[in-house]
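Report on one structure; see the data block that follows.
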């Protein structure tokens, strides 16, 4: 069995042709989709980069593996504890070791472990290739390593290759020589001039005025990634930069698929295409970041072409990224690990039968601290730390009618909010009852000062808000966080 996992960072499904996007961003991937199964309601359980891949590789939600943030205690996997034997059971039972147990050679071309000091990601790989860019490289540095590995190994019978491209990730960095394939393609966007005018008043980081989180600095190395956007033409430029990153990654991935075809092994090679998370592109007034526990950030593509499996099939059921481990294990006839949180949907790939979940709980603890329930047509969001965006403590959106989450309808549907809150509560209780640890890592993040991307910047940011015509937002942020600080002091006293 030969398997390739194409891991394209920060890839929104709705910016891909096979998911209905109007721009031709993914012609090579679309051909794979025609020969396999496309999952439309697939979500990372924990966002963004580090927590998502921790969940994927461990097969466990962040509340179990402990890695839910980008800094502090909760940016590391938890120690197994006194019951650990000669080898760590979590590493030995991870996603990569499924292929090892199936008798396959394993290799990864990725700089993710270096970027996040997350070397647990490499557990189970026979070979790892790091081009040294720490996630800031363009794909032309990654592709030769992948093609070289295939030249050396493709005719072997049993292997698994993971190839990771960062090109759609901020800063948008497709090489200048790639040009702009979308220069003559209209931007079909939900963001009207009126909506954009509202976004210009957004008081939180990564708004239109501060694409670079807390300021509008622009790096001259990345002209496709502006420090701010001031008008609809600038909005188009930002979307073009993101879409060019996707199309550029697709052009590189296409060369991998072409090599398989040229050597007569494409049909018999399983191909998995996915991402770690999506991207806020205007949702909640946030641009060019993966900063929330919502549909925009946590909905990810999943395309699986499996020899003997379904072709041209679309699955609309709810799934997590942690479901991939038990699914692949079943397909390869490897026993599932007892510590996994996922549920197999192998039957969907093989026969098209549904195997989805009734609801999901998705989390974010790097830019904000949020947990959300995704069920039916709804996403219900609870916010514990808003990352300076002035989010309400709870929000409710109808994803079917309002995919870009513009209309919070919590006041209109209190009974749906109760349902979402109960899903989160029941999930939390079940997770803690089956945890080896006494503390939910979300609360570890909160106790250490909040999400790592929202620490130590507030006062300077408030001054900037006041200087750029958003004094009301600055006032509200001051009131909110002064009150929270006073409450924390009172509790500690």
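Results, tabulated for the structure shown:
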quantity: Residue among 30, 14 that is at pLDDT 95 or above, touching a helix residue (DSSP H, G or I) at 6+ places or on another chain (Cβ under 7 Å), surrounded by fewer than 20 Cβ atoms within 10 Å (Cβ to Cβ) and assigned to a helix (DSSP H, G or I); calculated: 30
quantity: In segment 211-243, the residues that are farther than 17 Å from residue 174 by Cα and either in the same structural domain as residue 465 (by TED's automatic domain parsing) or part of a loop (DSSP other than H, G, I, E, B) (or both); calculated: 211, 213, 214, 216, 217, 228, 229, 230, 231
quantity: Residue that is farther than 30 Å from residue 229 by Cβ, exposed (fewer than 15 other Cβ atoms within 10 Å of the Cβ) and either modelled with pLDDT under 95 or in contact with a strand residue (DSSP E or B) (Cβ under 7 Å, 6 or more places away or on another chain) (or both), where the choices are 487, 415; calculated: 487
quantity: The one condition in (1) more than 23 Å from residue 167 (Cβ to Cβ); (2) modelled with pLDDT of 95 or more that residue 82 fails to fulfil; calculated: (2)
quantity: Output for segment 175-208, where each listed residue is within 24 Å of the chain's Cα centre (by Cα), surrounded by 14 or more Cβ atoms within 10 Å (Cβ to Cβ) and either over 17 Å from residue 470 (Cα atoms) or not assigned by TED's automatic domain parsing to the domain that holds residue 25 (or both); calculated: 187, 189, 191
quantity: From the options 352, 308, 376, 312, residue that is modelled with pLDDT of 95 or more, surrounded by fewer than 21 Cβ atoms within 10 Å (Cβ to Cβ) and not assigned by TED's automatic domain parsing to the domain that holds residue 44; calculated: 376
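The values are calculated or read from the model by the stated rules, or taken from the named source; none is laboratory data. None of these values were measured; they are calculated from a predicted model. Glycine also receives a Cβ, built like all others from the backbone with ideal geometry; neighbour counts cover every protein chain displayed.
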